[in-house]
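Everything below concerns the one structure shown next.
The values are calculated or read from the model by the stated rules, or taken from the named source; none is laboratory data. What you see is a predicted model, and the numbers here were worked out from it, not measured in a lab. Neighbour counts are summed over all protein chains in view; Cβ atoms, including those assigned to glycine, are modelled from backbone coordinates with ideal geometry. Protein only, heavy atoms only, side chains kept; ligands, DNA and RNA dropped before computing areas. Shrake-Rupley method; radii C 1.70, N 1.55, O 1.52, S 1.80 Å.
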Amino acid sequence: MKIRYIRLLIKILSVIMLVLLGWLVVHLYRIGVFNDTDSLIKLLKKYGIWAPILFVFVQIVQVVIPILPGGVSLAAGVVMFGPWLGFLYNYIGIVLGSMILFWLGRRYGRRVIDIFVSEDTLNKYMDRLDSKGWYWTFALLIFSPVAPDDALVLLTSLTKMTWHEFTIIILAGKPLSIFIYSLGMLYGVNWLLRMFGH
């Protein structure tokens with residue numbers, strides 16, 4: 001299958017996922033989950049241990065196949081599980097997803113990178129991959145909450161960076177960006193709920 005068709009399929013899946021997510025948000029709002037924290041806790045308790053497991057799995061898939069904007073899934077974790085557990089589940093899912101993505105890049109090279117990395121991003125970073133400073137560039141970008149992390153992980157898989165080095169950067173760099181997103185989303189969601197609550 002040609003790359004442009006795969007990219008089109010991913011875009012179609014993204015639209016479908018956003019529509020389903022919109023439907024879910026409306027449904028949960030109608031049953032009062034967003035207005036009553038106890039209702040949300042009761043809903044999650046019905047699924048027991050499967051609720052966080054399913055969420056972590058969705059987060060892993062979201063990293064590997066970007067069918068949802070990352071901020072949406074981070075916000076969902078904070079809303080559903082609270083700031084601390086939401087942070088933990090987001091962290092686990094994103095780290096595992098990043099590991100899988102790095103492995104895919106190492107295994108399939110440009111074939112998979114051409115599918116998921118835009119031409120603009122490829123052109124922006126490709127010349128810098130072989131430079132001696134890429135290790136530190138990658139580390140600083142991973143610490144940043146606004147960098148295209150998934151694309152950077154795939155591009156870095158083309159370099160000579162070892163698994164050990166990559167793992168250290170991901171484990172150390174992800175908490176800050178996830179925390180900033182989680183905190184921002186928490187206050188943003190609370191603000192929206194107060195606004196619509198009146």
**OP:** Along Cα→Cβ, 7 Å out, is where each label goes; now give me the distance between the ones at residue 12 and residue 146 in nm to one decimal.
**Re:** 3.5 nm
**OP:** Tally up the carbon and sulfur contribution to the accessible surface of region 54-111 as a whole percent, 1.4 Å probe, everything protein left in place.
**Re:** 79 percent
Original post:
Can you give the FRET efficiency for residue 129 and residue 164, using 1/(1 + (r/R0)^6), R0 = 25 Å, r = Cβ-Cβ distance, to the nearest 0.05?
Top reply: 0.85
Original post:
How long is the gain from residue 118 to residue 137 if the chain were fully straight, where each residue apart is worth 0.36 nm and the alpha carbon distance is subtracted?
Top reply: 4.9 nm
**OP:** Evaluate 2.2 N^0.38 Å with N set to the residue count of region 69-128, then give the Cα radius of gyration divided by it.
**Re:** 1.43
